[in-house]
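Inspection log for the structure reproduced underneath, given as structure tokens.
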Amino acid sequence: MKTIIEPFRIKSVEPLRHTTREQRDALIKNAGYNLFKLQAKDVLIDLLTDSGTSAMSTGQWAAMMRGDESYAGSASFFRMKQVVQDLMGFRHVIPTHQGRAAERILFSVMCRPGQVVPNNTHFDTTRANIEFAGARAVDLPIPAAADTQAQLPFKGDMDVAALERLIAQEGAQRIPLVMMTVTNNSGGGQPVSMRNLEAVREVASRHGIPFYLDACRFAENAWLIGEREPEYRGWPPREIARKMFALADGCTFSAKKDAFANIGGMLCTNDDRLAAQETNLLILTEGFPTYGGLAGRDLEAIAVGLEEVLDPDYLRYRIVSTAYLGRHIAQGGVPIVEPPGGHAVYIDAARMLPHIARSRFPGQALAVELYRHAGIRSVEIGSVMFGAAARHELLRLAIPRRVYTQSHIDYVVEAILEVNAARDRIRGMRIVEEPPFLRHFSASFDWID
Ligand code: F0G
């Protein structure tokens with residue numbers, strides 16, 4: 001059989017609520033044209049994020065019932081730690097309430113003011129936490145990634161020559177760690193090749209710099225390595241993931257992505273001295289080291305999720321369903337970041353709306369228009385999110401794991417093609433009010449006439 005089906009059936013459903021165009025016009029205006037400020041009940045299809053929005057399995061819900069809520073020494077922690085160590089191999093596993101808590105602890109311990117942290121592309125919270133520690137976050141994507149239309153298998157890779165140049169310029173002692181984000185979320189959800197991970201590891205080791213993964217979507221990255229890197233064809237995704245983790249000295253991880261959990265994260269390291277400092281900070285703000293801001297039942301959900309996510313049937317369906325959305329809108333003439341990656345499809349909003357200057361936020365304008373037209377929530381990843389550091393003006397359609405069926409996606413395709421047909425009428429936007437950092441979460445906008 002050629003048809004690929006959702007590898008699950010539905011046991012519990014959540015009703016969706018339709019709104020009218022007039023209602024949505026008023027709702028989005030009241031939200032200051034910021035989709036983060038909409039109430040979720042007013043959204044029909046929510047593609048804001050794939051983070052914390054997964055549908056959990058019966059296995060996860062069952063495991064939650066045995067969550068051990070002891071303050072210290074919870075059995076749930078040790079179950080999770082076992083699963084993490086089998087997969088990732090790190091000596092220390094420090095649970096946190098989500099990925100950014102792991103980032104804050106890592107960078108407060110490792111970074112000094114004036115230092116520099118390179119990454120293939122930093123995610124917004126990663127960049128903000130580095131800057132909050134007084135250090136500088138530098139993106140080093142490969143030059144070919146600048147062309148959203150280029151069909152390359154591993155557009156998430158880091159520019160290794162640029163990394164060498166940065167180290168020569170700054171001096172290795174000013175670079176506390178090198179990070180790689182798998183998959184490269186802000187760079188279009190593109191995967192990183194094993195060959196590139198190995199090359200970056202080699203450069204970092206040669207200069208005595210620790211190498212960390214931002215491992216949020218490690219399983220999707222592992223699957224894409226298996227599909228696109230000839231040496232790994234036919235390898236089980238678990239073995240590819242193990243090999244990726246074996247290259248690193250540690251990682252940050254948001255369990256809200258590739259662990260199908262609604263909350264949770266962790267910080268892992270092989271360095272005993274760092275782990276001791278990190279654990280002290282953890283106790284200060286997150287909690288005791290065997291729960292780290294999570295309930296025992298959350299640790300159980302993560303432990304089970306980390307096993308489920310490496311199921312080849314799931315990963316095949318996941319990557320095929322993302323590509324389905326990407327292919328259908330691209331064939332209808334919508335410029336997307338090619339090829340479609342793991343967790344999301346990214347529309348190149350600057351290319352789709354060439355009449356809107358980058359300073360007038362084409363990605364935000366498109367996000368607002370898609371909501372007004374069809375009740376679909378997406379997110380701008382461009383100048384609103386990253387200011388001057390933005391390389392592209394993208395609109396991300398992130399697909400929650402195991403949540404929407406193919407007919408939901410067909411609805412999204414139809415809506416995007418209709419918005420595209422009337423794209424000349426979409427106007428640019430300006431910011432009316434913004435906070436000092438991570439402005440995309442709370443800024444207000446208005447149309448420019
Ligand atoms: N790193 C990457 C690559 C991410 O995509 C995220 C979150 C984080 C770190 C932080 O993790 O949310 O658990 O604190 N990304 C979400 C998104 C929010 O929508 O892409 P967190």
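The values are calculated or read from the model by the stated rules, or taken from the named source; none is laboratory data. Given the structure is predicted, the values throughout are model-derived calculations rather than measurements. Glycine gets a Cβ as well: all are built from the backbone with ideal geometry, and neighbour counts include every protein chain shown.
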Legend entry - Failed criterion for Glu220 (all others in (1) in a helix (DSSP H, G or I); (2) more than 11 Å from the ligand (Cβ to nearest atom); (3) in contact with a Phe, Trp or Tyr (Cβ under 9 Å, 6 or more places away or on another chain) hold): (3)
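I want to confirm something. Restricting to the stretch 1-56 and keeping residues that are within 30 Å of Ala301 (Cα to Cα) and among the acidic types (Asp, Glu), which single residue is farthest from the ligand (Cβ to nearest atom)?
Let us first name the residues in the stretch 1-56 that are within 30 Å of Ala301 (Cα to Cα), namely 4-17, 35-56.
Next cut, among the acidic types (Asp, Glu) only: 6, 14, 42, 46, 50.
Numbers: Glu6: 22, Glu14: 20, Asp42: 19, Asp46: 12, Asp50: 7 Å.
My answer is Glu6.
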Legend entry - Enumeration of residues in the stretch 59-88 that are closer than 20 Å to Ala219 by Cβ and not basic (Lys, Arg): Gly59, Gln60, Ala63, Met80, Gln82, Val83, Val84, Gln85, Asp86, Leu87, Met88
Inset, instruction - Would you check if Thr322 is among the hydroxyl-bearing types (Ser, Thr, Tyr) and more than 19 Å from Val182 (Cβ to Cβ)? - result: no
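If a residue must be away from the ligand (no atom under 16 Å from the Cβ) and either crowded, with 20+ Cβ neighbours inside 10 Å or not assigned by TED's automatic domain parsing to the domain that holds Gly326 (or both), how many such residues does the stretch 375-394 contain?
Taking the stretch 375-394 and keeping what is away from the ligand (no atom under 16 Å from the Cβ), we get 375, 383, 387-388, 393.
From the residues that got through so far, the ones that are either crowded, with 20+ Cβ neighbours inside 10 Å or not assigned by TED's automatic domain parsing to the domain that holds Gly326 (or both) too are 375, 383, 393.
Looking only at that region, the number is 3.
When you go through Phe132, Phe123 one by one, which is the residue that is surrounded by fewer than 20 Cβ atoms within 10 Å (Cβ to Cβ), outside the structural domain of Pro400 (by TED's automatic domain parsing), within 16 Å of the ligand (Cβ to nearest atom) and closer than 24 Å to Pro436 by Cα?
Working: Phe123 fails: surrounded by fewer than 20 Cβ atoms within 10 Å (Cβ to Cβ).
Selected residue: Phe132, the only one of Phe132, Phe123 that is surrounded by fewer than 20 Cβ atoms within 10 Å (Cβ to Cβ), outside the structural domain of Pro400 (by TED's automatic domain parsing), within 16 Å of the ligand (Cβ to nearest atom) and closer than 24 Å to Pro436 by Cα.
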Inset, instruction - Give Glu307, Glu369, Glu338, Glu300 a once-over and let me know the one that is more than 16 Å from the ligand (Cβ to nearest atom) and not in a helix (DSSP H, G or I). - result: Glu338
Inset, instruction - Report, ordered by the first and then the second residue, all pairs with beta carbons closer than 8 Å, sequence separation of six or more or different chains, a first member in the stretch 41-54 that is farther than 15 Å from Leu397 by Cα and not assigned by TED's automatic domain parsing to the domain that holds Gly189, and a second member that is of a type in the set (A, V, I, L, M) and away from the ligand (no atom under 16 Å from the Cβ). - result: Asp42/Leu27
Inset, instruction - State whether the residues of the stretch 63-74 include one that is surrounded by 13 or more Cβ atoms within 10 Å (Cβ to Cβ), of a type outside the set (Phe, Trp, Tyr) and either within 29 Å of Val345 (Cβ to Cβ) or without any contact (Cβ under 8 Å) to a residue 60 or more places away in the chain (or both). - result: no
Inset, instruction - Give Gly333, Gly363 a once-over and let me know the one that is modelled with pLDDT of 95 or more, more than 23 Å from Thr183 (Cβ to Cβ), in the same structural domain as Ile426 (by TED's automatic domain parsing) and not hydrophobic (A, V, I, L, M, F, W, C). - result: Gly333
Inset, instruction - Would you mention how many residues in the stretch 186-211 are surrounded by 24 or more Cβ atoms within 10 Å (Cβ to Cβ), modelled with pLDDT of 95 or more and not in a helix (DSSP H, G or I)? - result: 3
Legend entry - One residue from Val432, Val419 being over 28 Å from Ser54 (Cα atoms), in contact with an Asp or Glu (Cβ under 8 Å, 6 or more places away or on another chain) and at pLDDT 95 or above: Val432
Legend entry - Hits in the stretch 341-360 - residues which are away from the ligand (no atom under 16 Å from the Cβ), surrounded by 22 or more Cβ atoms within 10 Å (Cβ to Cβ) and in a loop (DSSP other than H, G, I, E, B): Leu353, Ile356
Inset, instruction - Being farther than 13 Å from Ala350 by Cα and either in contact with a His (Cβ under 7 Å, 6 or more places away or on another chain) or among the hydrophobic types (A, V, I, L, M, F, W, C) (or both) is the filter here, so list the residues in the stretch 413-428 that pass it. - result: Val413, Ala415, Ile416, Leu417, Glu418, Val419, Ala421, Ala422
